[in-house]
Each structure stands twice: as structure tokens, then as C-alpha cells.
Amino acid sequence: LLAKAYHLSSAVVAEFRSIEITVGFLMQVDKLVQLLESPIFLHLRLQLLDVSSPNYPALVTSLFGLLMLLPQSAAFRTLRDRLDAACALQQNLASKVVESPPERERNGEKEGKIDLERLIKRFSTVQGIHEEARRGILRASLFSESRGNLFES
């Protein structure tokens, strides 16, 4: 899952049906579900939003396979809630009726055209500024702590 090899992950989870499921194995699956909620797996959780991705079915199959392995526990509820939200999104998107564009748009006028590339670039710039500010605050606090320790000695 971390390597984004969702088809492989789906195949491996399918193979779990032919192995003996032990308490130790279930504890490892429980830990994996806890890790899925950590920042390192943010890409995976965001991938659940991209229902049109060719990897989406394999990802959802993998996660549902893990869900079916787990006994009812906190990890089970966490993963079930995550998958319920993803499936609700998929159903919502599937039920949308394609509407005809407004009259102005059909006549060549784009209503509220958004320059996505410029907005993404601006977002990245602002994120960089915030990251630098956070690092500056961290450096300042570390510097003031180290100065305080020098004077206390």
C-alpha cells in the first residue's frame, strides 16, 4: 500500500484466504490499519477521492479485504468509517446527472473560468512560506532554550 501497488496489494489480500489467520497476524493487520491513519499514508486516503482512477477498484478491494479480516475492534471501526465515506462519495458522484452547460457557456463565454495551474502554484508558494515560518519559530525556540540552558549552568 505504501508503494502505491494497489493491484499487488489486492492480490496479496486475496491470498489471505488460503493461510491460517492467527492472533499475531490479526494484530499486525490492526497495526497496519492504525498506520493507514498516519500522515505517511495521506496519499492513500486522498487516492480514495479519485474514483475515476484505474487504481481505485484495487485500492478499495484491498482495504475492504483488510476490513473483512479484522474482528470488531477500534481498528475495524476506523477502517469501516473511512471506507463508508469513500463509498458514499463514489455513490454520490455516480448519481449526479450530467447537466447541459449554461446558455452563455454554449455561446463561447466561459462563466467563472479558473486558472487551476496558477492557483496550484500559489498554493505551493504559500505552503512554502508557512513551512519557512514554522521552521523559523522552531529555530528561535531551540535557540532561546539553548541560551537559557547556558545561563543556568
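The values are calculated or read from the model by the stated rules, or taken from the named source; none is laboratory data. Source: prediction; values computed, not measured. Cβ coordinates were reconstructed from backbone atoms using ideal geometry, including for glycine residues, and neighbour counts include every protein chain displayed. SASA here: full protein model, heavy atoms, side chains in, ligands and nucleic acids out. Shrake-Rupley method; radii C 1.70, N 1.55, O 1.52, S 1.80 Å.
Near residue 24, within a Cβ-to-Cβ distance under 13 Å, what is the net charge of the other residues, with Lys and Arg +1 and Asp and Glu -1?
-1
How large is the accessible surface of residue 19 in square angstrom, using a 1.4 angstrom probe and rounding to the nearest 10?
80 Å²
So what does residue 27 come to for accessible area, using a 1.4 Å probe and Å² rounded to 10?
Result for residue 27: roughly 110 Å² accessible.
Return the sequence-ordered ³J(HN,Hα) values of the stretch 23-37 in whole Hz as given by the Karplus equation 6.51 cos²θ - 1.76 cosθ + 1.60 applied to θ = phi - 60°, using x for Gly and Pro.
So the Karplus estimates, Gly and Pro as x, are 4, x, 4, 5, 5, 5, 5, 4, 5, 4, 4, 4, 5, 4, 8 Hz.
What does the charge add up to near residue 65, with Lys and Arg as +1, Asp and Glu as -1, over the other residues with Cβ less than 15 Å from its Cβ?
In short, +1.
Given Cα positions, please report Rg to Rh for the stretch 1-66, the hydrodynamic radius being the Kirkwood one.
Using Cα coordinates only, the ratio equals 0.98.
Restrict the search to the stretch 1-54; then list the trypsin sites (Lys or Arg not before Pro) that DSSP places in a loop and that have at most 14 other Cβ atoms within 10 Å of their Cβ.
The qualifying sites are 4.
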